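Report on the following structure.
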Amino acid sequence: MAYDIEKPDQQWRAELTPAEYAVLRQAGTEPAFTGEYTDTRTKGVYSCRACGAELFTSGEKFESHCGWPSFYDARNSDAVELLEDRSHGMVRTEVRCARCGSHLGHLFEGEGYPTPTDQRYCINSISLRLEQDEEQ
């Protein structure tokens, strides 16, 4: 897929820290319970750390106790891209930023969380940047 923001690998490496690059550009996963936004209750908008696209809001964030920030929906349907992921011997749904293609995490469905969508966007903190906004 072509993205609105496309950069050569060299440029991504220069703009991101090694840890950010490993998650955002190489589909890595940060260790559970270590991310900056895992337990935060700060109101605001969560944007892609690589390109700044608005992805999620604190209004859709919920406590899943899984070790990563969890959201029951994206800010809007065009914010994220969902792809089949068959890595690690399982079938999952990968979540990417629709603007730059950066890996954000995975989407899980039907786990019984008491949310309006019964979905859990399990997102790496390191792939996000939170801008405080008391109205969210």
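The values are calculated or read from the model by the stated rules, or taken from the named source; none is laboratory data. As the structure is a computational prediction, the values presented were derived from the model and not from experiment. Glycine also receives a Cβ, built like all others from the backbone with ideal geometry; neighbour counts cover every protein chain displayed.
Of all residues in region 74-97 being within 11 Å of the chain's Cα centre (by Cα) and assigned to a loop (DSSP other than H, G, I, E, B), which is surrounded by the most Cβ atoms within 10 Å (Cβ to Cβ)?
Ala74
What about Gln10, is it surrounded by fewer than 19 Cβ atoms within 10 Å (Cβ to Cβ) and under 17 Å from the mean Cα position of the chain (by Cα)?
It is false that Gln10 is surrounded by fewer than 19 Cβ atoms within 10 Å (Cβ to Cβ) and under 17 Å from the mean Cα position of the chain (by Cα).
Condition first: touching an Asp or Glu at 6+ places or on another chain (Cβ under 7 Å) and among the polar types (S, T, N, Q). Now tell me which residues in region 72-107 satisfy that.
Thr93
Can you find a residue that is touching a residue at least 12 places away in the same chain (Cβ under 8 Å) and in contact with a His (Cβ under 8 Å, 6 or more places away or on another chain) anywhere in region 33-54?
Checking region 33-54: not a single residue is touching a residue at least 12 places away in the same chain (Cβ under 8 Å) and in contact with a His (Cβ under 8 Å, 6 or more places away or on another chain).
Checking the structure you have, find out if any residue of region 23-36 is more than 26 Å from Glu135 (Cα to Cα), modelled with pLDDT of 95 or more, assigned to a loop (DSSP other than H, G, I, E, B) and touching a strand residue (DSSP E or B) at 6+ places or on another chain (Cβ under 6 Å).
Yes, because at least one residue in region 23-36 is more than 26 Å from Glu135 (Cα to Cα), modelled with pLDDT of 95 or more, assigned to a loop (DSSP other than H, G, I, E, B) and touching a strand residue (DSSP E or B) at 6+ places or on another chain (Cβ under 6 Å).
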